[in-house]
Amino acid sequence: MTPSEKHNKTNFIVNKKLCNFIAEKFLRKFYDKEGNEISQNKYAAMCGLSSSTISKIKTEEGYDLPISTIYNICRQENYSLKKLFSEFEQTYGKNFPI
């Protein structure tokens, strides 16, 4: 495997785990600021995202998640990027072996 192929495989693993982590943390049930359960469509709109983006994140295989999408979800959840990535790192570690 070439170094480029190794990086691509590692990136795929990181994206998959990050999507799964975010989905588990924020995207199983959706709530508005008052704590009322809402639809995925309404939640997506509140985040400034499409409902299909939320659906992609929730798939087991995940997708190539832009930082802006992560930021929009964190902003909606009143959650800092620092805290999210710190928890992600505590859960999965710093290195992803191939």
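Given Cα pairs under 8 Å that are at least 6 residues apart, what percent is the relative contact order of the chain?
About 33 percent, as a whole number.
Using R₀ = 25 Å, calculate the FRET efficiency as 1/(1 + (r/R₀)^6) where r is the Cβ-Cβ separation of H7 and S68; round to 0.05.
0.70
Going by C-beta contacts inside 10 Å, put L81, L65 in order with the fewest on the left.
L81, L65
Could you pull out every residue, at least 5 positions away or on a different chain, whose amide H is within less than 5 Å of the one on F30? Hs are placed 1.01 Å off N in the peptide plane, and Pro or chain starts have none.
Close amide H contacts, sequence-distant or interchain: I38.
Taking the Cα centre of the chain as the origin and placing charges on Cβ (Lys, Arg +1; Asp, Glu -1), which of F26, T59, T91 is farthest toward the positive end of the dipole?
T91
What is the distance, in nm, between label points placed 7 Å from the Cα along the Cα-to-Cβ direction at E60 and at D32?
The modelled label-to-label distance comes out at 3.5 nm.
With a 10 Å radius around each residue's Cβ, average the other Cβ atoms per peptide and rank 4-11, 19-26, highest first.
Ranking the peptides 4-11, 19-26 by packing returns 19-26, 4-11.
Suppose R0 equals 22 Å. What FRET efficiency, 1/(1 + (r/R0)^6) with r the Cβ-Cβ distance, do K82 and K25 give to the nearest 0.05?
0.90
With N denoting the number of residues in the chain, provide Rg(C-alpha) divided by 2.2 N^0.38 Å, to two decimal places.
Ratio of Rg to 2.2 N^0.38 Å for the chain: 1.14.
Quick note: the coordinates plus some simple rules give every number you see, no bench work behind them. Quick caveat, the model's predicted, so the values are computed rather than measured. Don't worry about glycine lacking a Cβ; one is built from the backbone with ideal geometry, like all the others, and counts go over all protein chains shown.
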